[in-house]
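My structure is below; once you've seen it, I'll send some questions.
The values are calculated or read from the model by the stated rules, or taken from the named source; none is laboratory data. Computed from a predicted structure; not experimentally measured. With ideal geometry, Cβ positions are generated from the backbone for all residues, glycine too; neighbour counts draw on all protein chains shown. These area figures cover heavy atoms from the full protein model, side chains too; ligands, DNA and RNA do not enter into them. Shrake-Rupley method; radii C 1.70, N 1.55, O 1.52, S 1.80 Å.
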Amino acid sequence: MQRKEIEKVYIKKIKELTKYDKAYFKHDRPLIFDRDYDILKKEILDLEKKYRYLENKDSPSKKVGYKPSDKFKKVTHDIPMLSLANAFSKENIKDFLKKIRNFLNLKDSEKIAFSVEPKIDGISASLKYIDGIFVLGLSRGDGKTGEDITNNLKTIIDIPKKINKSNFPKTLDVRGEIYISKSDFKKIAKKFANPRNAAGGSLRQKDPNETKKIPLKFVAYGFGIVEPQNFEKQSEYLKLLKTWGFNTNSLNKIVNSIEDIDKNHRTIEALRPTIDYDLDGLVYKVNDLKLQKRLGFVSNSPRWAIAHKFSAEKGFSIIKNIEIQVGRTGALTPVAKIEPVNIGGVVVSNATLHNEDEINRKDIRIGDTACIQRAGDVIPQVLYVDKAKRNKNTKKFNFPDKCPSCGSKTIKEFNYSTKKKDAVTRCPDPKFNCKEILREKLKHFASKDALNIDGFGKKIIQNFWDLNMIKYPADIFNLNFKKISSFEGWGDLSASNLEKAIKKSQKISLDKLIFAIGIRHIGQENAKTLAEYFVSIKKFEELFDREKRKKILNYLLELDGIGETQVNSLETFFLHSANLNAISNLIKELNVTDFKIRKSGIFYGKTIMFTGGLSKMSRAEAKALVAKEGGKILGTASKKLDYLVVGDSKPTPKKVEQAKQLNIKILDENSWYGLLNR
Ligand code: IVH
């Protein structure tokens, strides 16, 4: 189709949608079924995705979830708002419980109580009270900074504006979920894709009077800053919330065993259709707040809580094609392009097929009728195909042996921990110049946990990439904003907002930069460990020098969490001039701040190694404590080591011997607890 024709089809669809909207909103008289409405909407969005030049002010992409970044003031949360890890099965929950027990080093006889709370699918908000007065309401934002939506939140009846209770803390951040009930949503359903979008959209209205029109509710379940803290258990806090005038969920309860967890999960899942709000699972939190504190966090989620999702919804559709996507790490993922189908309120047109083995095992072919499963925000997947419905002429799918992007011969790596060949087919990208990988790296570079460039999401990056405006990270800082402002769909304001966001991202801490580069096997935790070692960008740049690199990599092996895999990956990465150029050009554009090592704490500036099990805590907890107190963990004994902590249970004699010879200070369990004041 020619561009003109495409535009014609697009405009026609938008006009049709606008007509349905008008009939529904103005005249309260729907003209089509929800399903058909959803499909039409999806077709418009798909066209926009495929033909980036398409844009229209009446497009559904412009109406929901669209937030100009300068609309609300940004405010940093006193305590970050984190997210939760997900569990999809009893096995996942067992793992979660096991990890907690291991971390705390509990005896089999010691039970842990969990607060179970329904996970309402809404928008989280943080409400700050000072002396009982609601003073500041923030959206979650990126977890660190939220948007000041105080005035909009004030229109919500469920949110107390003033609390007159003597036991209400002087300062308290009440956290909870803003949502819309299913019955209220029905009345406004045409305007939004689902209740969650409706809640989010109306919360972000510029005019609080608009927010007021939509019946939003609030349920409280957590806290941020609290002074003084007059409760010791999550369940105690939930009870207090109620006495202070907040709504808490009536289905909250306490459970003590995996059996109870499982039983309760099944009960609530069965009740789900009768409950008047969307819930996508249950949240389990360790009830004892002291234990929560000991457990702490990994990256963005707590060790002490998890979301146990309900089983997914399914639907059937025809596989029109199988496409291969190349990811940032070179993984080739087969994706089934299916006839759009509505699964539990969401129109699905792509479903992952995971990898070659999965396609072969399930014998999936183009033209097949497939059962598709969608669970929460996870990518939909093909569960199986209905072979009875298969056309005789279909052929087995041949997985490509060359990268569809750069033509390199694909590989399957050997996994040293499972001692098996990986199921994932990869583009080895021998020269670090595979186009699709480069593009996906750019998306990673700008993403939330990396440079966090506001308003520079995947869609825009793809768009600029297609226009040959960006190829390497440094290009992002040399964009021509004048030109951008003249693009269709852009204007002076949006271009200048992007410019500001990009400028802001130029100041970045070393750990974020290391993560943002996207070196294989260097995730957020490893990036922090490396940044802790390098501290400054100057030192990091020594990796560019062959001789210095050799020495550094050798030393890195001693760091906890950095193994051969990481060191090999760093070595290959820095061996290539393409990477060296890209990274040094990038560094020129940035103001990289030193990694902030805690300059205090009882282990500040010290290195520690452990051998043998400790009786009162796990190795993981001990390591977390060292990090929190400013110390560094080493994996092998050397002259650089300050302390060797020798646990009572089966220490390695060789390590103790080595430490003695090197004159390293040896701590037994008791002196270790003494140091920690426990
Ligand atoms: S606790 C660190 N409790 O789920 C603890 N979250 O993926 C983080 N949610 O952003 C949150 N009900 O929007 C918590 N009872 C509940 C919840 C809940 C819903 C949402 C919330 C959060 C997301 C976490």
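What number of residues within segment 617-663 satisfy the criterion of being part of a loop (DSSP other than H, G, I, E, B), surrounded by fewer than 17 Cβ atoms within 10 Å (Cβ to Cβ) and modelled with pLDDT of 90 or more?
6
Residue by residue, here is whether (1) within 26 Å of the chain's Cα centre (by Cα); (2) in contact (Cβ under 8 Å) with a residue 24 or more places away in the chain holds:
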position: Ala516; (1), (2): yes, yes
position: Thr529; (1), (2): yes, yes
position: Ser536; (1), (2): no, yes
position: Lys551; (1), (2): no, no
position: Thr572; (1), (2): no, no
position: Thr593; (1), (2): yes, yes
position: Lys596; (1), (2): yes, yes
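Just to be sure I understand, how many residues within segment 448-473 are open to solvent by less than 40 Å² (accessible area, probe 1.4 Å), in a loop (DSSP other than H, G, I, E, B) and within 26 Å of Lys528 (Cβ to Cβ)?
5
If you go through segment 505-517, how many residues are within 16 Å of Asn478 (Cβ to Cβ) and in a helix (DSSP H, G or I)?
1
So, one more: Which of (1) modelled with pLDDT under 95; (2) within 12 Å of the ligand (Cβ to nearest atom) is the odd one out, the single condition Asn151 does not satisfy?
For Asn151, the failing item is (2).
Let me ask something else. Is it the case that segment 181-189 has a residue that's surrounded by 20 or more Cβ atoms within 10 Å (Cβ to Cβ) and out of contact with any Ser or Thr (no Cβ under 7 Å at 6 or more places or on another chain)?
The answer is yes, given that some residue of segment 181-189 is surrounded by 20 or more Cβ atoms within 10 Å (Cβ to Cβ) and out of contact with any Ser or Thr (no Cβ under 7 Å at 6 or more places or on another chain).
Rundown of residues vs (1) surrounded by fewer than 18 Cβ atoms within 10 Å (Cβ to Cβ); (2) aliphatic (A, V, I, L, M); (3) touching a Ser or Thr at 6+ places or on another chain (Cβ under 8 Å); (4) modelled with pLDDT of 95 or more, yes/no style:
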position: Phe399; (1), (2), (3), (4): yes, no, yes, yes
position: Cys403; (1), (2), (3), (4): no, no, yes, yes
position: Ser408; (1), (2), (3), (4): yes, no, no, yes
position: Phe414; (1), (2), (3), (4): yes, no, no, no
position: Lys419; (1), (2), (3), (4): yes, no, no, no
position: Lys431; (1), (2), (3), (4): yes, no, no, no
position: Glu436; (1), (2), (3), (4): no, no, yes, yes
position: Glu440; (1), (2), (3), (4): no, no, no, yes
position: Phe445; (1), (2), (3), (4): no, no, no, yes
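Are any of the residues in segment 159-167 surrounded by fewer than 18 Cβ atoms within 10 Å (Cβ to Cβ), among the charged types (D, E, K, R), free of Cβ contacts under 8 Å to residues at least 40 places away in the same chain and within 25 Å of Glu117 (Cβ to Cβ)?
Yes, segment 159-167 contains at least one residue that is surrounded by fewer than 18 Cβ atoms within 10 Å (Cβ to Cβ), among the charged types (D, E, K, R), free of Cβ contacts under 8 Å to residues at least 40 places away in the same chain and within 25 Å of Glu117 (Cβ to Cβ).
With the checklist (1) open to solvent by 20 Å² or more (accessible area, probe 1.4 Å); (2) touching a Gly at 6+ places or on another chain (Cβ under 6 Å) in hand, flag the one item Ala307 doesn't pass.
Evaluating Ala307 over (1) open to solvent by 20 Å² or more (accessible area, probe 1.4 Å); (2) touching a Gly at 6+ places or on another chain (Cβ under 6 Å) leaves (1) as the failure.
Out of Asp368, Asp357, Asp386, which single residue is among the acidic types (Asp, Glu), more than 16 Å from the ligand (Cβ to nearest atom) and out of contact with any Ser or Thr (no Cβ under 9 Å at 6 or more places or on another chain)? Give the steps one after another, and end with the answer.
Numbers: Asp368 fails: out of contact with any Ser or Thr (no Cβ under 9 Å at 6 or more places or on another chain); Asp386 fails: out of contact with any Ser or Thr (no Cβ under 9 Å at 6 or more places or on another chain).
Step by step, each of Asp368, Asp357, Asp386 is checked, and only Asp357 is among the acidic types (Asp, Glu), more than 16 Å from the ligand (Cβ to nearest atom) and out of contact with any Ser or Thr (no Cβ under 9 Å at 6 or more places or on another chain).
I need the full set of residues from segment 541-594 which are outside any helix (DSSP H, G or I) and among the small types (Gly, Ala, Ser), in order please.
Gly561, Gly563, listed by residue number.
Quick check: anything in segment 266-275 within 13 Å of the ligand (Cβ to nearest atom) and assigned to a loop (DSSP other than H, G, I, E, B)?
no
Here is a follow-up. For segment 109-148, give me the residue count where each residue is over 21 Å from Asp207 (Cβ atoms), within 15 Å of the ligand (Cβ to nearest atom) and among the hydrophobic types (A, V, I, L, M, F, W, C).
Looking only at that region, the number is 3.
Next question. Among the listed residues Lys639, Lys650, which satisfies the condition of being at negative phi and basic (Lys, Arg)? Write out each step before concluding.
On the way: Lys650 fails: at negative phi.
Checking each option against the conditions leaves just Lys639.
Within segment 375-394, work out how many residues are under 21 Å from Leu332 (Cα atoms) and either at pLDDT 90 or above or crowded, with 18+ Cβ neighbours inside 10 Å (or both).
Result for segment 375-394: 5.
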